[in-house]
Ligand SMILES: [Zn+2]
Ligand SMILES: [Zn+2]
Ligand SMILES: [Zn+2]
């Protein structure tokens, strides 16, 4: 199986400059199939639900609402505080943040979502496959 093909744009390498936590237990709460189906081109352009900011927003992976980052008005942080929804995806670089782990997170389960994000956001870079293939190999290692 080689679903790691067709990755990944240089900009998304931000995802890997901080090593993501691979054992976030909160991802069990996510329905990855549904999350992935909610992600599309329009979604990436959604404004913050609270303040209409359009820059570097995040999508909550539990309710699919879009909120702004701490560089705008921190509405995703507030969303976490008021709802307890823990995991969000950055529309800036596609990385995943878990508020409960207080860390970037990643696992094989996120792979389809990361891939879809990349294909929507950076369609012209689909030939750059190195980063995610490397990551996929890392994740497949047993020890
Ligand atoms: Zn977590
Ligand atoms: Zn906002
Ligand atoms: Zn939510």
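Worth a mention:
- Conditions (1) more than 10 Å from ligand 2 (Cβ to nearest atom); (2) in contact with a helix residue (DSSP H, G or I) (Cβ under 8 Å, 6 or more places away or on another chain): number failed by residue 67: (1)
- Of note, residue 60 does not satisfy the criterion of being modelled with pLDDT of 95 or more, more than 15 Å from ligand 3 (Cβ to nearest atom) and either over 26 Å from residue 124 (Cα atoms) or crowded, with 18+ Cβ neighbours inside 10 Å (or both).
- Among (1) touching a residue at least 60 places away in the same chain (Cβ under 8 Å); (2) surrounded by fewer than 21 Cβ atoms within 10 Å (Cβ to Cβ) - the single one residue 87 does not satisfy: (2)
- For region 63-95, a residue qualifies if it is within 11 Å of ligand 3 (Cβ to nearest atom) and on the phi > 0 side of the Ramachandran plot, and the qualifying residues are 64, 84.
- The set of residues in region 73-118 being modelled with pLDDT under 95 and within 16 Å of ligand 2 (Cβ to nearest atom) consists of 92 alone.
- Qualifying residues in region 31-54 (those that are more than 17 Å from the chain's Cα centre (by Cα) and touching a residue at least 24 places away in the same chain (Cβ under 8 Å)) - the one farthest from ligand 3 (Cβ to nearest atom): 51
The values are calculated or read from the model by the stated rules, or taken from the named source; none is laboratory data. This one's a predicted model, so the numbers in the text were calculated from it and none came from an experiment. All Cβ positions, glycine included, derive from the backbone under ideal geometry; neighbour counts span all protein chains shown.
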